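Enquirer: Shown below is the structure under consideration.
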Amino acid sequence: MKSQELYTRALKVMPGGVNSPVRAFKSAGLTPPFIKKGSKSHIWDEDGKEYIDYVLSWGPLILGHAHPEVVSVIKKQAELGTSFGACTELEVLMAEKIREALPSIEVVRMVNSGTEATMSAIRLARGYTGRNIIVKFAGCYHGHSDSLLIKAGSGALTFGSPDSAGVTQDTARDTVVSNYNDIDMIRDVFEKHPGDIAAVIVEPVAGNMGTVPPKPEFLQELRSLTKSHGALLIFDEVITGFRVGYEGAQGLYNIVPDITTLGKIIGGGLPVGAYGGKEEIMRRVSPDGPVYQAGTLSGNPLAMAAGYTTLSILSKNPDIYSKLNKKAERLCSGLKDIMDKAGIPVTINRVGSMMTLFFTNSKVYDYASAATSDTACYNIFFKKMLQAGIYLPPSQFETFFVSTAHTDEDIEKTLNIAEDVAKNLSF
Ligand code: PMP
C-alpha cells in the first residue's frame with residue numbers, strides 16, 4: 001500500500017504527517033489516501049483507487065479537477081515566467097474582474113491565502129477605525145491568524161482546539177465571540193462595548209461548522225448595527241465567493257459589506273486570497289495609507305492566470321449556478337430519503353452547491369446546534385463511503401461541494417453507495 005508507506009514516512013517528517021490538520025483523517029482513525037491525480041469530478045490515490053470527490057480541495061475547484069482551459073493558461077504562463085515580484089497585466093485584469101462581480105469591492109489587494117486575507121482585513125479595520133475589538137461568531141473559521149483563532153470552526157473545532165495554544169491572552173481579549181444567527185446576543189455585544197468595536201467578521205453562509213445558512217434578518221441586523229455604531233462589516237467570502245452565486249453571498253442576500261475577503265475559487269486551484277472594499281477604506285492600505293501589508297508572491301502570475309480564467313468561465317456561463325444547484329439539490333434530497341428510510345435522523349443544510357449532512361434531528365443554525373450531531377456516526381459514514389470510492393469531508397464540521405464536472409451518474413452512484421452504507425450504519 002503506497003499511501004500507507006508514504007504516511008509512515010510523512011509522520012516522521014511533518015506534524016501529523018500533513019501540511020494542514022484536516023488532511024490527517026484523524027477523527028475517522030484512517031490512513032489518509034495520498035492523491036496522485038484528479039480529472040473532472042474524480043481523484044485517484046497512489047494505490048490506483050478512484051474516488052468521486054466532494055471535497056474539491058475544500059471548495060476552490062468549482063470547475064472540477066484539471067479543467068483543460070485552466071491547465072492550459074497555467075502552462076502558457078509558466079513558460080513566460082512563474083513570478084516577477086513586479087506589476088503584471090494579469091493583476092489588473094483580475095482586480096477589474098472581481099470589482100465587476102462584487103460592486104461592494106471598489107479597490108482590492110491580492111494575497112496568497114484566505115488566512116492572509118482575513119488577517120489583513122481586520123488590521124485594516126482596526127487601522128481605519130482606530131478601535132481594537134473584533135467580533136466573530138462561534139464556529140466560524142477565518143484562517144489561523146492569532147486574533148481569529150478564538151472559538152474557531154473547521155479543523156480547530158474537529159480537533160478540540162478552537163482556542164489555539166500560542167495565542168496570548170491580550171490578543172484573545174480583543175476578540176469578542178457571539179453566537180451565529182443570534183440577533184439579541186450581537187445587540188448586547190454592541191451595548192457592552194460602545195465605541196470600541198472595529199469590525200464584525202462573519203461567514204455570510206457558515207461553512208466551517210458544516211454548512212449553516214444565515215437567517216436573512218441576521219445579516220441585515222449585522223449591517224445596520226455596524227453602521228449605526230461606526231464599526232465595519234467584513235464578509236468572509238473565502239468559501240462563498242463565486243460559490244453560492246457569481247455575486248457571492250452578498251449578492252444572494254443583498255447586503256453590502258464594507259470589506260470582503262476572498263480565496264479558494266478566485267485562485268482556480270492555486271494559492272490565492274484577496275481583500276477589498278470601499279475605496280475610502282482600501283486607500284488606507286500601504287503604499288496609499290498607513291496600514292502595512294505586503295507579499296513577495298502576491299498577485300502571482302500563475303495564480304492570477306488560473307483564477308482569471310476560472311472567473312471568466314463562470315461569468316460567461318451564468319446558467320452554471322442553476323445547474324450546480326440542481327445537482328446539489330438532487331444529492332441532498334436523495335441522501336435525506338435514504339436516511340429517512342433507514343430510520344437515521346439527519347438534518348441536511350444546503351445553500352447552492354455547498355451542503356452538510358448532520359447526524360442530528362435538531363435544526364442546525366449555530367455552533368451549539370451543529371454540535372448536537374452524532375460525530376461518531378458521521379465518522380462511520382465517512383469511512384464506509386470512502387472505502388466505497390466516495391470522497392467526503394473527513395469531519396462533520398465541514399462542507400460538501402459539487403462542481404460543474406459532477407455528472408448525474410456521479411450523483412446517482414453516490415446515492416446508491418450511500419443507500420448500502422446507511423443499511424449498515426450502527427446508530
Ligand atoms: N475563511 C474561510 C471562511 C475559510 O473557509 C478558510 C479556509 N477554509 C479561510 C478563511 C482560510 O483560508 P486559507 O486556508 O486559504 O488560509
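The values are calculated or read from the model by the stated rules, or taken from the named source; none is laboratory data. Note that the coordinates shown come from a computational prediction; the quantities given were computed from them, not determined experimentally. All Cβ positions, glycine included, derive from the backbone under ideal geometry; neighbour counts span all protein chains shown.
Enquirer: Given the criterion in contact with a helix residue (DSSP H, G or I) (Cβ under 8 Å, 6 or more places away or on another chain) and more than 17 Å from Gly268 (Cα to Cα), identify the matching residue among Ile74, Ile52.
Expert: Details: Ile74 fails: more than 17 Å from Gly268 (Cα to Cα).
Of Ile74, Ile52, the one residue that is in contact with a helix residue (DSSP H, G or I) (Cβ under 8 Å, 6 or more places away or on another chain) and more than 17 Å from Gly268 (Cα to Cα) is Ile52.
Enquirer: Moving to a separate point now. Inside the stretch 408-427, can you point out the residues that are more than 15 Å from Ile348 (Cβ to Cβ) and touching a strand residue (DSSP E or B) at 6+ places or on another chain (Cβ under 8 Å)? Walk me through it before giving the result.
Expert: Let us first name the residues in the stretch 408-427 that are more than 15 Å from Ile348 (Cβ to Cβ), namely 408-410, 412-413, 416-417, 419-421, 423-427.
Once the filter is applied, which keeps residues that are more than 15 Å from Ile348 (Cβ to Cβ) and touching a strand residue (DSSP E or B) at 6+ places or on another chain (Cβ under 8 Å), the stretch 408-427 yields Asp410, Lys413, Ile417.
Enquirer: Condition check: outside the structural domain of Ala371 (by TED's automatic domain parsing), surrounded by 13 or more Cβ atoms within 10 Å (Cβ to Cβ), within 16 Å of the ligand (Cβ to nearest atom) and not in a loop (DSSP other than H, G, I, E, B). Does Val200 satisfy that? Can you show your working first?
Expert: On the way: outside the structural domain of Ala371 (by TED's automatic domain parsing): yes; surrounded by 13 or more Cβ atoms within 10 Å (Cβ to Cβ): yes; within 16 Å of the ligand (Cβ to nearest atom): yes; not in a loop (DSSP other than H, G, I, E, B): yes.
Answer is yes for this residue.
Enquirer: Output the residue which, of all residues in the stretch 157-176 that are over 17 Å from Val22 (Cβ atoms) and either among the basic types (Lys, Arg) or out of contact with any helix residue (DSSP H, G or I) (no Cβ under 9 Å at 6 or more places or on another chain) (or both), is nearest to the ligand (Cβ to nearest atom).
Expert: Ala165
Enquirer: Oh, and also: How many residues are among the aliphatic types (A, V, I, L, M), touching a strand residue (DSSP E or B) at 6+ places or on another chain (Cβ under 9 Å) and either assigned to a helix (DSSP H, G or I) or farther than 19 Å from Thr240 by Cβ (or both) when one looks only at the stretch 338-354?
Expert: Summing the residues that are among the aliphatic types (A, V, I, L, M), touching a strand residue (DSSP E or B) at 6+ places or on another chain (Cβ under 9 Å) and either assigned to a helix (DSSP H, G or I) or farther than 19 Å from Thr240 by Cβ (or both) in the stretch 338-354 gives 2.
Enquirer: Let me ask another. Report the residue count in the stretch 79-110 for those that are assigned to a helix (DSSP H, G or I) and either within 16 Å of the ligand (Cβ to nearest atom) or in contact with a Lys or Arg (Cβ under 6 Å, 6 or more places away or on another chain) (or both).
Expert: Residues of the stretch 79-110 assigned to a helix (DSSP H, G or I): 79-80, 89-101.
Narrowing the set further to residues that are either within 16 Å of the ligand (Cβ to nearest atom) or in contact with a Lys or Arg (Cβ under 6 Å, 6 or more places away or on another chain) (or both) leaves none.
Number of matching residues: 0.
Enquirer: Hey, can you tell me all the residues within the stretch 18-44 that are under 25 Å from Val71 (Cβ atoms) and within 16 Å of the ligand (Cβ to nearest atom)?
Expert: Asn19, Ser20, Arg23 - these are the residues of the stretch 18-44 that are under 25 Å from Val71 (Cβ atoms) and within 16 Å of the ligand (Cβ to nearest atom).
Enquirer: Quick one: which residue in Glu91, Glu96 is buried (at least 16 other Cβ atoms within 10 Å of the Cβ), under 14 Å from Ile266 (Cα atoms) and either charged (D, E, K, R) or free of Cβ contacts under 8 Å to residues at least 40 places away in the same chain (or both)?
Expert: On the way: Glu96 fails: buried (at least 16 other Cβ atoms within 10 Å of the Cβ).
Just a single option satisfies the conditions, and that option is Glu91.
Enquirer: Let me ask something additional. Could you please find all residues in the stretch 43-61 being touching a residue at least 40 places away in the same chain (Cβ under 8 Å) and assigned to a strand (DSSP E or B)?
Expert: Step one: list which residues in the stretch 43-61 are touching a residue at least 40 places away in the same chain (Cβ under 8 Å), which gives 43, 45-47, 49-61.
Selection gives Ile43, Asp45, Glu50, Tyr51, Ile52, Asp53.
Enquirer: Looking for whichever is touching a strand residue (DSSP E or B) at 6+ places or on another chain (Cβ under 8 Å), within 30 Å of Pro162 (Cα to Cα) and not in a helix (DSSP H, G or I) here; the options are Leu357, Leu335. Which one fits?
Expert: Numbers: Leu335 fails: not in a helix (DSSP H, G or I).
The conditions single out Leu357.
Enquirer: Could you pull out the residue among Ser113, Ser120, Ser154 that is within 16 Å of the ligand (Cβ to nearest atom), touching a residue at least 60 places away in the same chain (Cβ under 8 Å) and closer than 15 Å to Gly241 by Cβ? Quick ask: steps written out before the conclusion?
Expert: Numbers: Ser120 fails: closer than 15 Å to Gly241 by Cβ; Ser154 fails: closer than 15 Å to Gly241 by Cβ.
Only one candidate passes the filter, namely Ser113.
Enquirer: Let me ask something else about it. With respect to Lys316, determine if the residue is surrounded by fewer than 18 Cβ atoms within 10 Å (Cβ to Cβ) and either among the basic types (Lys, Arg) or touching a helix residue (DSSP H, G or I) at 6+ places or on another chain (Cβ under 7 Å) (or both).
Expert: yes
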